[in-house]
Structures are given as C-alpha cells and as structure tokens.
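Enquirer: Have a look at the structure that comes next, please.
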Amino acid sequence: MNWRDHVATNPNICRGQACIKGTRIPVSVVLDNLAAGSALEEIIASYPALTGEAIRVATAYAVDLARERIIDISGRSAA
C-alpha cells in the first residue's frame, strides 16, 4: 500500500493539512487517536468515513515522515 494514493492536501480543506482522501479528516487526528490508545474500532466509530485501511495509511504516512527528518530527542546538541 502506498500512502500517497490515499492522502491528499488541498489549501481549501483543513487549511492544507494532510487528510485521508475523500474525507476532511486530517491524518494527524487519526495519529492522535492512535497515540492516545484508541482501538481501531473506536476510531472508526468516532469517524465513520474512516476504514481500517485508512488508519493503516495514516501510520504509513507517519513512518515516512519519521524517516525523512531526524529530530534530536536527547535535549543536547550532537557532538
């Protein structure tokens, strides 16, 4: 599955945030729910436009973003 086929940005929808195609649900909302420990079924119940595949797409999107940018989480600058 290629997340690029399922995620869209449009400056007129959700201020250009990455959203699941065909919805106005930002990927960040899906990820926030997952990070909070919500089960897939709970997320889908809250956002009926989502599917299990859409939730997997959101995680694939996040994985690619994490690979693209290195963030220093140590609190110190690298030596």
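The values are calculated or read from the model by the stated rules, or taken from the named source; none is laboratory data. For clarity, every value in this text was computed on a predicted model and none was experimentally measured. FYI the Cβ positions are ideal-geometry reconstructions off the backbone, even for glycines, and counts take in every protein chain you see.
Enquirer: Among all residue pairs at least 6 apart or on different chains, which show Cβ distances below 6 Å where the first residue, located in segment 34-51, is within 20 Å of residue 6 (Cβ to Cβ) and the second is surrounded by fewer than 12 Cβ atoms within 10 Å (Cβ to Cβ)?
Expert: Qualifying pairs under 6 Å: 40/52.
Enquirer: Same structure again: Residues that are at pLDDT below 95 and surrounded by fewer than 17 Cβ atoms within 10 Å (Cβ to Cβ), at least 2 per element: which helices (runs of 4 or more DSSP H) completely within segment 1-71 meet that?
Expert: Hits in segment 1-71: 52-68.
Enquirer: Another question about this same structure. On the basis of being modelled with pLDDT under 95 and either of a type in the set (A, V, I, L, M) or in a helix (DSSP H, G or I) (or both), does residue 76 make the cut?
Expert: So residue 76 does not fit the description; no.
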